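Every number in this text was worked out from the coordinates using simple rules, so none of it is lab data. Note that the coordinates shown come from a computational prediction; the quantities given were computed from them, not determined experimentally. Note: ideal-geometry Cβ built from the backbone for every residue, glycine included; neighbour counts use all protein chains shown.
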There are 4 protein chains.
Amino acid sequence: MTAAGRARRSDVRRNEQVLLDAAAAVFVRAGVDAPVREIAAEAGLGMGTVYRHFPTRADLVVAVFRHQLDGLAVDAPPTAGTPYDVLRTWVDRFADFLITKHGLAAALHSDQAGFESLHAEFVERLMPVLDRLLAASAAAGQTRDDVRAYDLMLGIGNLCIGVETLPDYRARNMIDLLLAGLRVPA
Amino acid sequence: MTAAGRARRSDVRRNEQVLLDAAAAVFVRAGVDAPVREIAAEAGLGMGTVYRHFPTRADLVVAVFRHQLDGLAVDAPPTAGTPYDVLRTWVDRFADFLITKHGLAAALHSDQAGFESLHAEFVERLMPVLDRLLAASAAAGQTRDDVRAYDLMLGIGNLCIGVETLPDYRARNMIDLLLAGLRVPA
Amino acid sequence: MTAAGRARRSDVRRNEQVLLDAAAAVFVRAGVDAPVREIAAEAGLGMGTVYRHFPTRADLVVAVFRHQLDGLAVDAPPTAGTPYDVLRTWVDRFADFLITKHGLAAALHSDQAGFESLHAEFVERLMPVLDRLLAASAAAGQTRDDVRAYDLMLGIGNLCIGVETLPDYRARNMIDLLLAGLRVPA
Amino acid sequence: MTAAGRARRSDVRRNEQVLLDAAAAVFVRAGVDAPVREIAAEAGLGMGTVYRHFPTRADLVVAVFRHQLDGLAVDAPPTAGTPYDVLRTWVDRFADFLITKHGLAAALHSDQAGFESLHAEFVERLMPVLDRLLAASAAAGQTRDDVRAYDLMLGIGNLCIGVETLPDYRARNMIDLLLAGLRVPA
DNA sequence: TATGAATGAGCCTTCATTCAT
DNA sequence: AATGAATGAAGGCTCATTCAT
């Protein structure tokens, strides 16, 4: 009945966008388990529309996540510099991303069904990139070669959890520490 | 009446213990948001009894957490060795604790009301210990002196999140990396 | 425009046919209360088209029923034989019909609005036929003359209910019993 | 909050009774699929109470049915007379029961889950009785011996469907016809 | 005329919380 | 002090139905 309602047939696409944005906002505000009603309200759409586009909550969460990832230029031409510098730059960008899109890092741990997709998306999209950078850096003898990109990625993700909720927690310092640890010979 | 009164009071104590154990078990099984009914059932007590002892869920979570911390012999005589060794040992023990009592690390981030207590408890009980070890190690020139115990404690806690849910995530490796990072001169 | 108009009109006809068949199929599969969407899908048409042709669900159910009745050659030249034989043959055919189009017998009892039409249709189309056969048989002294075609028709219909859902219920035996009862002098 | 609410702890039993009666009433009025809310309202209780006593709708339906059956003195000493008379008397009583507790006969055909219990209850409680009567009558040479109690029971049940909804449908006449058919030699 | 996206009422179900006993 | 029955708010989900295109 709202203006958005009148839009109808035209932009199904736009609605999906609206929903993704709304969901992202609500997830930050109220967590990944926020009521569907709330997301619908935030989007100015009916609940049915949410379900039409994202049959299960997991679908929505995954879509939001993917949407966010699209924003992260993971493949962007890395800054010039030594392999280690490139690695650092990428990690910083990754941390920026996680810290900005607060809540997402934590959402990764939602034990609910559908979480697998979330995790899989995360792994499939990012790990190859990090893996490459890590290998290059190790090949150049700048970092240890016994650290798995998988663990590092998750570790960094974890370190970012709670940045907005834990008073005065400095995630970046810890990430720096982690990267510093990389340099030390095992 | 005195005898009876004493008996009664000891009953109350016992119930509290039973509840704490039950809650801990249920938290592991079903998360910190498990139904009160389930906790009561696990304890073999009525729901009213749960509420009598712990008016809010936060009270219960905090109590469980404190209870767990009591189990962690944070003040136990540190192993012999260099300050850094002592630090490492303590961190290992801390990680053991968090990984064993799975869910607790994540619970720290529960945005619910009452979370503050949880966090406060955590900080008050553990930070002083870690702070001391860290200072000693730095004073001995074995580690950097620009890392705050607060961040390190939270960082380690974070790194332990998802050990049981993320497939094949090796938290310990990341913790090692973090500690290795400590050694590197800033 | 005439040619186009004619074509259009024939399309409409075709759609109605398609819908009736689809609805019949879905009714069997999922009951008379099946989602409209499902019927539309089965027909390969839009939901709006279903509503255009059959504004209410009752309209659709009645139409399907009428459609089915059209298939039942109630007026087909009766088999040769005594009036009672003819009666039996018709009843058998009727039972075949009901058992085949399962669900329809039960649908007769749907208390919903629009049910009246269903019942009326049933009565108007079939009762006269049965009435005639019954009267002939009675006139020939082969069966009782105190049984109303109306009751008999409904009774037979009822006996067919649940053939597919009640395990091992033999409706035909009961129908035979009913017909046998007709022969006995009151 | 209502007076019924205040009754609390005392009569859990009474509440179950109240619920059974309420459910029976609502089932007649609105079918076996009536909203739980409506049943709760009819009972003057909260919805949660319904769920506490009858976790699934099937549980409730079965309980209502059983409750009704308890009212039918199926084992009551049959009237004196020939075996066939006894049979007739029992069947009449059974028909009375079904016709009085309208809706129940139809409820037997609810295809939902839990229906099995309903059917089973029906079969287990009544069939043995009817079987005995039928056998006695057949042994006395008063009725056919090739009719199964199971079919007869279901047939009679079916014939009672729609007594209140089908205008002027005389179920009893059809039942009489069925019984008459029993006498005729196959 | 046909379509199917959008809407939102309505029902189900779970659980935190109260409070009579 | 302990109990657990009762309550009802809250949120999930499914369709019937409308109506812009």
Task: Label spacing, shortest first and in nm, from A:ARG183 to its equivalents in the remaining copies (7 angstrom along Cα→Cβ) - done: 1.4, 10.7, 10.9
Open item on the list: Using the Cα atoms of region D:68-183, I'd like the radius of gyration and the largest Cα-Cα distance, Dmax, both in angstrom.
Closed with: 14.1, 42
TODO: Could you name the residue in chain C with the C-beta closest to the rotation axis that superposes chain C on chain B, along with the separation in whole Å?
DONE: C:PRO35, 17
TODO: Between copies, how far apart are the D:ASP131 label points? List them in nm, one decimal, shortest first, with each point 7 Å from Cα toward Cβ, please?
DONE: 4.4, 6.7, 8.2
Open item on the list: Need one number: nm distance between label points at A:ARG132 and B:ASP70, each 7 Å from Cα along Cα→Cβ, rounded to one decimal.
Closed with: 5.5
Open item on the list: Can you give me the distance in nm between label points at C:ASP168 and B:ALA139, each placed 7 Å from the Cα along the Cα-to-Cβ direction?
Closed with: 8.8
TODO: Between copies, how far apart are the B:ASP11 label points? List them in nm, one decimal, shortest first, with each point 7 Å from Cα toward Cβ, please?
DONE: 3.1, 6.8, 8.2
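What does the helix-only formula give at 222 nm for chain C: each DSSP H stretch with n ≥ 4 adding -39500 (n - 2.57), the total divided by the residues, and the result rounded to the nearest 500 deg cm²/dmol?
On the way: 9 runs with 130 residues, N = 186.
Calculated at 222 nm, the ellipticity per residue is -22500 deg cm²/dmol.
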Open item on the list: Placing +1 on the Cβ of each Lys and Arg and -1 on the Cβ of each Asp and Glu in the protein assembly as shown, which of A:LEU133, C:SER10, C:ALA139 has its Cα farthest towards the positive end of the resulting dipole?
Closed with: C:SER10
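Only helices at least 24 Å long along their own axis, judged from Cα atoms, and with Kyte-Doolittle mean hydropathy of -0.5 or greater: name those in chain B from DSSP H. List each step's numbers first, then the result.
Values: long enough: B:2-30 (41 Å, -0.17); B:83-100 (25 Å, 0.18); B:115-139 (34 Å, 0.58).
What comes out of the filter, once short or polar helices are dropped, is B:2-30, B:83-100, B:115-139.
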TODO: Take the alpha carbon atoms of region B:130-185, find their center, do the same for region C:19-60, and report the distance between the two centers in whole angstrom.
DONE: 64
